[in-house]
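The values are calculated or read from the model by the stated rules, or taken from the named source; none is laboratory data. None of these values were measured; they are calculated from a predicted model. When we count neighbours, we look across all protein chains shown, and the Cβ atoms used for this are built from the backbone with ideal geometry, even at glycine. Heavy atoms of the whole protein, side chains included, go into the accessibility calculation; ligands, DNA and RNA do not. Shrake-Rupley method; radii C 1.70, N 1.55, O 1.52, S 1.80 Å.
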Amino acid sequence: MKKLFITLSLAAAAILPAMAQDAKMDKFIDDLMKKMTIEEKIGQLNLKSNWLYFATNATLPEEGEAIQQIKDGKMGAVYGFTNLNMIKQLQELNMRENKHGIPLMFGNDVIHGFETTYPTPLAISNSWNMDLVEESSRMAAKEATSVGINWVYSPMVDICRDARWGRIVEGGGEDPYLGGEIAKAYVRGYQGKNLADDNTTMVCVKHYALYGGAEAGRDYNSVFLSRQEAMNGFMNPYKQAALAGAGSYMSSFNEFEGIPATCNHYLLTEVLRDQWGFKGFVVSDATAVNEIMAHGLGDQQEVARRALLAGLDMDMGSDAYVNTLLKSYKEGKVTEADINKACRNILVAKYKLGLFQDPYKYIKVGRDEKEVRNAEQLAFARKIAQECQTLLKNNGVLPLKKNAKIALIGPFADDAKEMEGAWAMSKKADQNVTILQGIKDALQGGSVTYAKGSYIYENAETEENIKYGLMKMFGGANMKFPPVHTTPAEDLLKEAIQVAQNADVIVACVGELNNMAGEGASRADISLPDAEENLLKALKATGKPLVVVLTTGRPMLLNWEEENCDAILNTWNLGAEAGHAIADVLFGDVNPSGKLTTSFPRANGQMPIYYNHKNTGRPHGDFETYVKFKSNYIDVINAPLYPFGYGLSYTTFEYSNLKLSAAEMPMNGTVTASVTVKNTGSREGKETVQLYIHDVVSTSTRPVKELKGFQKINLKPGESKVVEFKLTAEDLKYYNHELEYVCEPGDFEIMIGANSNDVQKTVLTVK
Ligand code: BGC
């Protein structure tokens, strides 16, 4: 009894100050809102970017549409500024003009680092290291807040099963459980313990919801998923972010069930707020409110009304709210309460960020000089990049010797900018460490000779369109760019062959340009571009050992490479310290430990492809060849080339002795699954041990495998560890046909192994 009392009082001691704090905040906001006109409240719902509405230089334009909106109190937040001085000027202007002293929030796409670029989110997910994920967001928050940013458009947690979709690079892969763990880690890192600290920032979880389900991998495309599949296969990361206290969400461009997400009441209110208890605010994606018109749901006034009533609080870049909500209010199409709700959600965010206490909290002159791209940032960028690389093949040629004679060949070998990946922000991308530089810095007694070898595409126009597409879009059709093909392609190849012939080993750096992944960068064919493929074939013909270092934003088709190359190191896009981190792995100073979080298909036609698929009524072994009347293809086996969870090390691991602490588990019980993992090679290494389940008999169909746990361990040569996973009914739950979240009694296969394809199996019965 006494113990219970103490526990309760401790809990009360923690909760009561928070409640008092909330009451204080509520009163402050009530008082403020009483003084605001409807127009001023609508003004808070407006968000503008620097891109289209402001000059991007360091001084504020005196006039302009957006400047006038700030002066008129028609702006709640701005985004896209990366310069402290500019942010300061904007806040000063706002504070001078805003009648109620309501500060602006400053948002930005801090996706993988800010001025110091870290590996892309897809790369980071390959680390399976949640401490690193958290640290990366904490570090990014430190850097971004030092220029005045206090709201980041991250984490992007869209599950994606289709590598054609360019935005696969921005997320954590295909698995909803892993995605949920990653989402929580990002929220913890960015928001820290207290949002009001000047080095933490509010997250904006995106793109809510189901954007990664775009049909045929074509960006912005419709999503056709049942509610049940959405809940089971896609929603967990969004849900976990809400439970972890994420401050805001961004609605997605796609439709779901015939209603664009931006005005989808089921998604924005019934699920996010009512089921998951989210209390923050939701912003649209860029111009997405206006885009509802293109979806065919009415004029600007109508779509803005629908979005507000669905639960969308803030309008990014459409001006639809500021243009039409007052009219809708006067016509009785929206109520003051509807507007109040959205306005309050936004004011609460500003309050929690500490902006009412001090609008300049994040704007400290000089802080940026100390915090941006400092030594700590660069050291972290290297550390995290070391752990994101995934070794896909190695016949023993890696690690390389530091006294080797290396031919470093390929369009990615000496290109700093192309190390950054999609959605990078740094103004110093030209200072990213190239692969050539990284190798030079690491060699001891060896040599490296570089030759570009090829362009990306044989056709210069194709390459130019990709490289300069974005700039052309904003700069106009007449803008001139340097040609992408200069030296004749034959000369490049000739030089490369010569360099290769004089070396012990070829390291070929090929892949995708930054602009080939990310937003608006879907591909129908995810092969290596033709010029690079031709280069690899010519290099292979020299007979020298051939190591492929892949730079990419998405899984690619690597059948030829798997068959013909000696090693494939997938480095994704590693950012500021790419070259050093790649050299660390190539020479074995770091033992690679990345594992894939997306399946790598064998053929374009296999997509969407994902390990946690359902069985059919006519299942077919993943590696079996074609059989008529089975669920398979005539021309390719079902298995991906590299499965989810796969990745090699310079050492080897052996799994044995899979055990359950009990073969049966009552509904309210706990069972421990364990396995012994031994390092059977000669190097220390890290291994991610993965636990999967399969619900054998259920009331709805269930995936053949579902990840439910993982642990990354470190083992010295010869060392072994027993790795344990505690399982409860909670881990075995799913959304049934009635969308109830249930664990159904019966048998569950419990599988533990090194990847989704390579597991040992036992059975647990839930009573
Ligand atoms: C993207 C978002 C991004 C926003 C603001 C949109 O086009 O879809 O991911 O946060 O722009 O830059």
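Assorted remarks:
- Those residues of segment 60-81 whose amide nitrogen sits under 12 Å from the label point placed on F474, 7 Å along Cα→Cβ: 80-81
- Rh by Kirkwood over Cα pairs, then Stokes-Einstein D for segment 622-740 at 1.306 mPa s and 10 °C, µm²/s: 92 µm²/s
- With Rh defined as the Kirkwood radius, the inverse of the mean 1/r over Cα pairs, the Rg/Rh of segment 99-145 is 1.17.
- Here segment 132-192 yields Rg over Rh of 1.03, to two decimals, using C-alpha coordinates and the Kirkwood radius.
- Accessible surface of the chain [probe 1.4 Å, protein heavy atoms]: carbon and sulfur percent: 51 percent
- Segment Q68-E92, extension gain: residue separation times 0.36 nm, minus the distance between their alpha carbons: 7.2 nm
- Volume of the Cα convex hull of segment 89-193, divided per residue and given in Å³: 122 Å³
- Close amide-amide hydrogen proximity is noted between F278 and R273, each under 5 Å apart and 5 or more residues distant or on a separate chain (H modeled in the peptide plane; Pro and chain starts excluded).
- Mean Cα-pair separation over length for the chain, i.e. relative contact order, pairs under 8 Å, 6 or more apart, %: 13 percent
- Modelled this way, with points 7 Å down the Cα-to-C-beta line, the labels at D491 and I38 are 7.0 nm from one another.
- If a spin label sat at a point 7 angstrom from the Cα of D26 along the line to its beta carbon, the backbone N atoms of segment 240-278 nearer than 17 Å would be those of 278.
- Net length gained if the chain between E270 and A294 were fully extended (0.36 nm per residue, minus Cα distance): 6.2 nm
- Projecting the Cα positions of T670, S649, L268 onto the charge dipole of the chain (unit charges on Cβ atoms of Lys, Arg, Asp and Glu, taken about the Cα centre) puts T670 furthest along the positive direction.
- Kirkwood-Stokes translational diffusion coefficient of segment 242-319, alpha-carbon pairs, 10 °C, 1.306 mPa s, µm²/s: 130 µm²/s
- Nearby lysines by direct alpha-carbon distance to K733 (threshold 21 angstrom, same-chain neighbours under 8 apart not counted): K184, K239, K614, K705, K708, K761, K767
- All-pairs Cα distance distribution in segment 57-108, expressed in whole percent, bin size 10 Å: 26, 63, 11
- Å² of accessible area per residue within the chain, as computed with a 1.4 Å probe and no ligands counted: 38 Å²
- Put simply, the amide H of A209, placed in the peptide plane, has neighbours under 5 Å in S252, leaving out anything fewer than 5 places away on its chain.
- Computed [θ] at 222 nm, deg cm²/dmol, the chain (DSSP H ≥ 4; -39,500 (n - 2.57); rounded to nearest 500): -9500 deg cm²/dmol
- Estimated FRET transfer efficiency when R0 is 22 angstrom, pair K193-E369 (beta carbons, to 0.05): 0.25
- Fraction of antiparallel bridges per DSSP, the chain only, in percent to nearest 5: 55 percent
- Cβ-Cβ distance of W560 and E724, R₀ of 45 Å, FRET efficiency by 1/(1 + (r/R0)^6): the value works out to about 0.60.
- The listed residues L557, L104 rank as L557, L104 when sorted by accessible area, largest first, using a 1.4 Å probe.
- In whole angstrom, segment 157-219 maps to an equivalent ellipsoid with semi-axes of 27, 11, 8, each derived as √(5λ) from the alpha carbon gyration tensor and ordered largest first.
- Database remark: amide H of V763 closer than 5 angstrom to the amide H of I750 (H placed geometrically; neighbours at sequence offset of 5 or more, or on other chains; Pro and chain starts carry no H).
- Pairwise Cα distances in the chain exceed 49 Å for 18 percent of all pairs.
- Stokes-Einstein D (µm²/s) once Rh is taken as the Kirkwood radius of segment 381-456 over alpha-carbon pairs, at 37 °C in 0.692 mPa s: 233 µm²/s
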